[in-house]
Amino acid sequence: MPSNSGKNIFGSIDWITMLCYLVFVVWGWFTIFSATYKFDEPNLFNFSNNSGKQMMWIGIALVIGTVVLLIEKRVYEMYANFFYAFFIIILIATMLFAPETKGSRSWIPIGSMKLQPAEFAKFSVALLLGQAVNKLGFSLSKRADIIKALAIVLFPLGIIIMQNETGSALVYLAFLLVLYREGMSGTVLFYIFAAVVYFVVGIRFNEDFIQQMDVCVGEMVVLLLAQIFTTGLTLFACRDKVAARWMAVVGMGISLVVILFAVFVIPFNFTWILILVNLAQVGYLVFLGINTRFRRYYYIATFAFLSTIFFYFSGFLLNRLGDHQRVRIEVLLGKKSDKSGAEYNVNQALIAIGSGGFAGKGYLNGTQTKLSFVPEQETDFIYCTIGEEGGFLQSALLLLLFLFFIWRLIWMAERQPDTPGRVYGYSVVSIFIFHLFINVGMVLGLTPVIGIPLPFFSYGGSSLIGFTILLFIFIRMDAESKLNYKMQ
Amino acid sequence: MEKGTILENRKFVIGGIILVVVAVYIWRLASLQLISSDYQTKADSNAYYRSVVFPSRGNIYDRRGERLVYNQTAFDIMVTTREIKNLDTLEFCKAIGITRDMFDKRMEAIKDRKLNPGYTSVRPQLFVGQLSENEYSVIQEKLIRYPGFSIRKRAVRKYSTPLLAHVLGDVGEVNREDVEKDDYYSPGDFIGIQGVERSYEKELRGEKGVQILLRDARGIVHGHYKDGAEDVMPKAGKDITLSIDEKLQELGERLMTGKHGAIVAIEPKTGEILCMVSAPSYDPRRLEGKERGNYMSKLMKDKDNPLLNRATLGAYPPGSTFKPTQALTFLQEHVITPNTYYPCQRGFRIKGMKVGCHTHQTPIELINAISTSCNGYFCWGLYHMFNNRNQYKSLNEAMTKWKNYMVKMGFGYRLGIDLPSEGRGLIPNAQFYDDAYKGNWNALSVISISIGQGEVLATPLQIANLGATIANRGKYKIPHVVHAIQNGQVADSLTTFKSTGISPFYYDYVREGMRSAVLKGTCTGANIPGFEVCGKTGTAQNPHGKDHSAFMGFAPMSNPQIAICVYVENGEWGATYGVPIGALMMEQYLRGSLSPAAEALADKFEHKSINYNEKDEKKKQEPPKKKPQKAKNDTVDSARISVFHQFGYYRDSIAETVKQINEEKQKQQKLQKEALDRKIAEEMKRKEEEARQKAEIRQKAELARQKAAEIRRKEDEEKQRRQKILKQRQKDAMDKAIKSDWIIHQMKKKLEE
């Protein structure tokens, strides 16, 4: 590889991505300026307030970004282990020694500023993951390799959870998408999807009962879903039509008959029959596993068993969660109404966005955000300011721009000639997807309120610099490979 | 390689995921921003705080400029229980001068939804009500240290006198009906409820202003929306000057103490009501502030019904005060001439029927008939009118004719006074008797209406208005209580004359009769030396008890200044109560004060009362049952304490704050001194003003006297001219009279047959 690529590298940079980045950052700065603007003291530019500070952060981020662009790809690859180890140590140190801020130990105070290492650590995980996947003979269809890959991801995640920064920790789950791209079975994603569905349905309906029969609706639906999912998995993952038919006809047939009988003839508590059917499915799958020595049957059997006990487990899980997180989840699921408490934030956010209408109230004219009805308006809830002042036009445009940006990144990741580059690219993609999904979703009242920033928009040096490094390493990788391709 | 491409296809899954997420979110955005409009209003109600600015209500003055009703600022301490933080209760109690015990009790009462149904922890609740300005200025500074406590400023209606309750009316919170009827009001606003406060509500209330303020999540105001460009300033209400003479009103209420009834005095030239007394009355001052509820319910339970304005709503038989209307009708319809004589042998006797009368000479002509209040004369008149088939085709037609005259003279319908409630009285028509007698009635069955008895009912206002029409020779202005409106005008309908449709010159006979009544007839007691008083007594028979005593009159005859009706329930003879009270009232108004003799008489009448509860006396002698004590209101009110009484006491024990007390005292002394100086200066000013006004009045009176002399001269000329015409007419009328005598003759013959 040519070592003088630094000179030409800027010619090979993907300027479209670069342009998106600049648009996001500038748009973000104007939004922060508006969010911190006060009606009764219209101060102009000032470095002591948040928009002024953000200007400084943008400057720093651009400098760091330029430096990142100048460093060769092989440096990143060579020192992937080092970066990873470095951030793990930092994270542990933060957890142990950082002063407590708002109940979590995740901020390192540097002078008057504070940095959040969890935001920076992402790229190191992405780099190491790329190296790991690139190892000869590594395959994500092998259990040991999956565990190895998961370990890389879950180790920092665990530390960050212990820092009591659940939101930032959950972001690391985004790496599952990368693993999926690199060959991990789609069923794993399906398992996660199923778990979320069980959780939501189970918690939502666990206090509703069918009259006269004492049947808990949540329990019944989860058990039936478990039957359907198990049957479906048998059909699609094992391609075993015969077994699937048996399970559909006999298992679900019995369940259906029992339910109809209870509803129309004699009401009785039929939950135990459903449990029996589920257990019979498990037994049948184990039997098939022994017979055919096809390991997937065991997986599905395990899934079916876990599904059966999930409902009872989720209640326990919910009670183990912190109080405010449980309330947030319950409020989101519509089980609790608390207009002044947990629901207040989301409710005010909805009012802010809803009141924007088609074209918005105009820049600096939002009342919801200016008069601090919306909390965290310049950080996690910054999307409200765009919704209120820019209306449907700007808020939808922002989403479309992100869609385009992420699609561009996917396209770039696919054109990487080597595995580490691709893995890294997909890591960037997945992290942006996760942030966009959760952040905008919570403002729109669709996902739980997990305090994670909207990339490039939310106020804060750590997240801006973290995302910049994450993105710019990828731009450098992409540019370098493009340059190599040209030279060849 | 094949596996590689399969895996590469997973980019579509990942790209698809973000596509679905963005699509769902845009759909959600659309439903929030484009479809639902709730959020806009929610955001507005969050951020824009429309603070209503109330205008000050107009003051009310009497005709001499004496202030009767005004506004005073009162200060309430409010508490928002939710906002109370780290309250040092003891210190707070000391600061506002209540005991700990009272604090606890008051707080309990506030939070008890039974006592305080509108309680919420976020809205300010009344803690201590109606501080004076002095108390307020001291407490205000201290209150800042106690979050959750605030001061509310509000205007309270104040009355300078205990008089005129019925005319002034009062102000209270709007009810739901008011709010629905008029967009101007919102719940909690105040509105005039009775009297002038109600009928001139639109003038008095002014116009509300509004401030649009920007308010943040903590309720802190961040200035005006668009720097106040959208704010509307309130417009102060207009002041109203009543035509009521406060002194006359005062005398009237004084004379009516212990009696039931009404006095209405009207200035005939303008239709302005000079006084309107309804007895028993109540003290409007006790209807302001906290006492209102208790006092109101007491008034409502009172059997004597002090809330009823008897002057406009009382329907009484007018009795003999009604006779002038009959005389005028008969003259106008040529039923009689002024020289028509009717016999009266202690009453009207015909076909075995008798309407009694007192002893006087007989036969008698019109002027004497009025003077002696002869029943027989007017019964004959009505009898002849109703039986004159030459002139009226049927009895119905005659009756209708008669009724129309009564209505034209202001009876039977509401006059249209500018007060919210007025009664109609009752003038029966042919239909009325058709229904009552099933079509079988004649002149004799209704004969008592000619002497103001029977079915005829009138309000004291209508009777006083009759006096005014006679004084004006056949025209009147609708009686009204408002003299002037600041920057406005009294309604045209109240300032234009209405005619009774009877020739003015017939009125001269009636006036002569009423003058004669004062000089030598039934109401000699009304004679005021120096003024030509005209009057007519009334002794209205009352089926429920003793006769009512009534008087209707005006003075002076040549240039009437005042027309009056006095009506005393169960006062027996007209001359017993009606006449002397009427005379005193007229003297007060015409002279401006009472002579010493009159003053003595007024004193006598003030202490003369009529027992209206004879029937109930027995019931009352039973031991009254003990009423269950209502502790409820006591606990609420006990928290209201004079702050300054206890102020010093608490400070004494604390050495450190002795200095503070001294300062406080000095401050107070200074304030008091200043207030005293101000008062003295005001007093001086007022005296000067008064002297000036008196001089002015004297000057005006001189002018008026000169004018009056001139008018009198002109009138004498007019009279001579008119008497010439009269003689001519009398000759013509003689023929007719002879004819009617002939009819009597005929009738007598018939009767003998």
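The values are calculated or read from the model by the stated rules, or taken from the named source; none is laboratory data. Note that the structure is a prediction, hence the values are computed from the model and not measured. Heads up, the Cβs are rebuilt from the backbone with ideal geometry, glycines too, and the neighbour counts pull from every protein chain shown. Ligands, DNA and RNA are stripped out before the accessible areas are found, and what is left, the full protein with its side chains, is counted by its heavy atoms. Shrake-Rupley method; radii C 1.70, N 1.55, O 1.52, S 1.80 Å.
Observations, loosely collected:
- Residues within the reach of a label modelled at residue A:210 (point 7 angstrom out along Cα to beta-carbon, backbone nitrogen below 13 Å), restricted to segment A:268-288, are A:268-275.
- Only protein heavy atoms count here; under a 1.4 Å probe, residue B:435 has an accessible surface of about 100 Å².
- Extension gain, residue B:676 back to residue B:611 (0.36 nm per residue minus Cα-Cα distance, nm): 18.7 nm
- Virtual paramagnetic centre 7 Å along Cα→Cβ of residue B:351, amide N under 14 Å, in segment B:439-460: B:440-448
- In this calculation the C-beta distance from residue B:84 to residue B:153 is compared with R0 = 25 Å, giving a FRET efficiency of 0.75.
- Its alpha carbons considered, chain B gives a radius of gyration followed by a Dmax of 36.1, 148 Å.
- Local net charge near residue B:142, Cβ-Cβ under 10 Å (Lys/Arg +1, Asp/Glu -1): 0
- Positive-end extreme of charge dipole, segment B:390-502 - chosen from B:496, B:478, B:440 (charges on Cβ): B:496
- By the equivalent-ellipsoid construction on the alpha carbon gyration tensor, segment B:316-447 comes out with semi-axes of 25, 19, 15 Å, ordered largest to smallest.
- Fraction in percent of alpha-carbon pairs per bin - 5 Å, segment A:135-225: 3, 12, 16, 15, 13, 13, 12, 7, 5, 3, 1, 0, 0
- Of all aspartates and glutamates in the structure, those lying under 17 Å Cα to Cα from residue B:498, and not within fewer than 8 positions of it along the same chain, are B:267, B:272, B:418.
- Net charge of neighbours whose Cβ lies under 13 Å from the Cβ of residue B:306, counting Lys and Arg as +1 and Asp and Glu as -1: +2
- Inverse of mean 1/r across different Cα pairs in segment B:50-243, Kirkwood, Å: 19.2 Å
- Förster radius 51 Å - calculated FRET efficiency between residue A:407 and residue B:140, Cβ distance, rounded to 0.05: 0.20
- Using θ = phi - 60° and Karplus 6.51 cos²θ - 1.76 cosθ + 1.60, couplings along segment B:355-370 (whole Hz; Gly, Pro as x): 10, x, 8, 8, 7, 7, 5, 8, x, 9, 9, 4, 4, 5, 4, 5
- Note on A:347-353: average number of Cβ atoms from other chains within 10 Å of each residue's Cβ is 5.
- Charge tally for residue B:705 (other residues, Cβ to Cβ under 11 Å; Lys, Arg +1; Asp, Glu -1): +2.
- The mean count of C-beta atoms from other chains within 10 Å of the C-beta of residues in B:102-114, rounded to a whole number, is 0.
- Dipole magnitude for segment A:95-234: computed about the Cα centre from +1 point charges on Lys and Arg Cβ and -1 point charges on Asp and Glu Cβ, it is near 680 debye.
- When the trypsin sites (Lys or Arg not before Pro) in segment A:80-120 are filtered for DSSP coil states and for at most 10 other beta-carbon atoms within 10 Å of their beta-carbon, the remaining sites are A:102.
- Over 18 Å (Cα to Cα) - which of B:323/B:408; B:354/B:536; B:401/B:750; B:259/B:546; B:269/B:707 fall in this group: B:354/B:536; B:401/B:750
- Convex hull (Cα only) mean projected area of the protein assembly as shown, reported in nm² to one decimal: 77.1 nm²
- Stokes-Einstein translational diffusion, segment A:395-486 - Kirkwood Rh over all Cα pairs, 1.567 mPa s, 4 °C, in µm²/s: 92 µm²/s
- Accessible area of residue B:532 (1.4 Å probe, protein heavy atoms only, ligands and nucleic acids ignored): about 70 Å².
- Space enclosed by the convex hull of the alpha-carbon atoms of chain A, per residue, Å³: 175 Å³
- Cα-only Debye scattering, segment B:352-401: base-10 log of I(q)/I(0) at q = 0.22, 0.23, 0.29 Å⁻¹: -0.82, -0.85, -1.01
- Buried area at the B:A interface is about 3700 square angstrom, summed over both chains, from accessible surfaces computed with a 1.4 angstrom probe.
- Across the protein chains, with a 1.4 Å probe defining accessible surface, the residues B:89, A:302 rank A:302, B:89 from largest area downward.
- Rg ratio (alpha-carbon, reference 2.2 N^0.38 Å) - segment A:429-476: 1.19
- Sequence of B:269, B:11, B:323 from largest to smallest accessible area, 1.4 Å probe: B:269, B:11, B:323
- By accessible area with a 1.4 Å probe, ligands and nucleic acids excluded, highest first: order of A:95, A:184, B:734, B:353: B:734, B:353, A:95, A:184
- Near residue B:412, the amide H atoms lying under 5 Å from its own belong to B:426, B:427; only residues 5 or more places off or on other chains count, and H is placed 1.01 Å from N.
- Here each label is just a point 7 Å from Cα along the line to Cβ, and for residue B:13 and residue B:424 those points are 9.1 nm apart.
- Dipole magnitude for segment A:208-321: about 620 debye, using +1 per Lys or Arg Cβ and -1 per Asp or Glu Cβ, origin at the Cα centre.
- Annotation: extensible slack from residue B:558 through residue B:432 equals 41.4 nm (criterion: 0.36 nm per residue apart, minus Cα-Cα distance).
- Tail weight of P(r) past 18 Å, computed on alpha-carbon pairs of segment A:208-321, percent: 51 percent
- Figure legend: label point modelled 7 angstrom from the Cα of residue B:712 along Cα→Cβ; residues of segment B:438-474 with amide N under 20 Å from it are B:471-473.
- In Å², nearest 10: area of residue B:607 left accessible to a 1.4 Å probe: 140 Å²
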